[in-house]
Amino acid sequence: MSTSVGHQIVERIPSRRPAVDSAADPDAELIARWHAGDQAAFETLVRNYQDRVYRLLYRMLGSAADAEDASQETFLNLHRHGHRFRGDARFSTFVYRVAANTALNRRRTLGRTRARIEKLAERQATGHDLPEAPPGPEQSTLRRELQRQVHEALATLPDKLRLPLVLFDIEGLPYAEVSDVLGLAEGTVKSRIHRARNALRDRLAPELEALATESPS
Amino acid sequence: MNHPEVRRRMGEYLQGDLPLAQRALFDAHLDGCEACAADLHALRETVHLLRDLPSPEVPPHLADRIVARIEDGEGRARWWDGLAAFWDWIDPARYLPPLAAASLTSAVLIVGVRDYGWQIPGTLPPASVEQADGFVDSGRLEEAPDLRMQPRLRPPGRAVTASDAAEEPARRMRVLGAAPAAQPAAALESAAALELVEEADVIDDPHLFLERYRALQEERRAAWLAQMAERAARGRKVEAVARRLREDAGPEGRALAEQFEAVAYPAGR
């Protein structure tokens, strides 16, 4: 494969969010009201976080139905045990932890990973279960197909690589927060993200090559 | 900079974490190496594809359903959550002498398995407590082995401390359903000791290996090396570990490779 060595190649991929600042938690007031018994405050928290939780669970579990069930379970768990949240980290970190936990738990319960991946591939092949955001006009068919492949390849990564990758590259959390969510050293998080990206790249090699041929840069 | 180093540091490069001098060397290598440039290009494309994945549409009534379930009482703590919290609170391995803790833990596990099976809530103490607490479930040893060493009751965001490290092996034994071995706290006083469980990463990554080694107190290094050598031997990785240390971790890595081999091959193989 011939690839041009240009400026595009040395462009950086920056973090998408600033570092964590647990001192100023934007949810502090809502949490205080909820802890004081105001259920409306919890409902607001649910509405504020449902997108993030659902996205993470969708990428972790691979199907819309599982992601919805797990999202509900996440918030129920949060409600059951939220009084234990002591404000040592941001509430968003706590929510991600509960969601990550729910995802891992659910995958364990469901077991049968291989069967699920096959089922997922089958559903994807028939056009089900894909995110419904409409593609932009500039988006090529090949790119859409690639996204399908990426989603599928993601499902084949082991949890320990997939979780940090999803939190960092898809959810856009900074390293420090991923490290907080997973309780791992930052160096370990970086190393796993890199390994996960490499694994994905290897799995997507033919598609990436086709993409490079389609739009040489 | 050579090929292996360029490939290993691509992540840092993409993230802009590479020091300026290293970055210049990296760029120089890229200018003359089409293979590495293509590799980097593919990696960057992969990241872009990931980040460009369209967001899944959240089911429109998700929040309403959650709120309805909470109103129906499903959001209340269940009786076994209380038991789990109580178990966590009494924490037998911490407060009772190790032998008594072992007996109590084993007795409860045996009775739990005999009469109720593993699944009864409350008899599977640390894993379910942690899950309830919002921590990554340490009980998932098979699916996410590297997440299993979450110190119990560590508040979100708090760094791992020496006491967490000291407590961990006994807790791990409890999760596995075995009696907790007596662990002298002094033997695990360094927080770095906790990282021993990351053996797969450490063994596979020469830089991490070197980093861990450096972080240890001098008198603990030999024991740590012996432990790593034993793990590497189990996975038939001794040669690979030594080679990576030699090739990728600079002069210090080469010196460490010698020591590692001396420990791994005591008979001078």
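Table: residues versus (1) modelled with pLDDT of 85 or more; (2) over 30 Å from A:Thr44 (Cβ atoms).
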residue: B:His48; (1), (2): yes, yes
residue: B:Glu57; (1), (2): yes, no
residue: B:Trp79; (1), (2): no, no
residue: B:Phe86; (1), (2): no, yes
residue: B:Pro92; (1), (2): no, yes
residue: B:Ala102; (1), (2): no, yes
residue: B:Ser106; (1), (2): no, yes
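Sort out which residues of segment B:12-34 are part of a helix (DSSP H, G or I) and without any contact (Cβ under 8 Å) to a residue 12 or more places away in the chain, and write them in order of number. Those that are part of a helix (DSSP H, G or I) and without any contact (Cβ under 8 Å) to a residue 12 or more places away in the chain: B:Glu12, B:Gln15, B:Leu20, B:Ala21, B:Arg23, B:Ala24, B:Asp27, B:Asp31, B:Gly32, B:Glu34.
For segment A:60-76, indicate whether the set of residues that are touching a residue at least 40 places away in the same chain (Cβ under 8 Å), of a type in the set (Gly, Ala, Ser), over 21 Å from B:Pro60 (Cβ atoms) and assigned to a helix (DSSP H, G or I) is non-empty. No, segment A:60-76 contains no residue that is touching a residue at least 40 places away in the same chain (Cβ under 8 Å), of a type in the set (Gly, Ala, Ser), over 21 Å from B:Pro60 (Cβ atoms) and assigned to a helix (DSSP H, G or I). Yes or no: segment B:19-40 includes at least one residue that is facing chain A (nearest Cβ under 7 Å), under 30 Å from the mean Cα position of the chain (by Cα) and modelled with pLDDT of 85 or more. Yes, there is a match, as at least one residue in segment B:19-40 is facing chain A (nearest Cβ under 7 Å), under 30 Å from the mean Cα position of the chain (by Cα) and modelled with pLDDT of 85 or more. Residues in segment A:74-91 that are more than 8 Å from chain B (Cβ to nearest Cβ) and surrounded by fewer than 22 Cβ atoms within 10 Å (Cβ to Cβ) were compared, and the one that is modelled with the highest pLDDT is A:Gly82.
The values are calculated or read from the model by the stated rules, or taken from the named source; none is laboratory data. Computed from a prediction, not measured in an experiment: that's the story for all the values here. Counting neighbours? That spans all protein chains shown, and the Cβs are built from the backbone with ideal geometry, glycine included.
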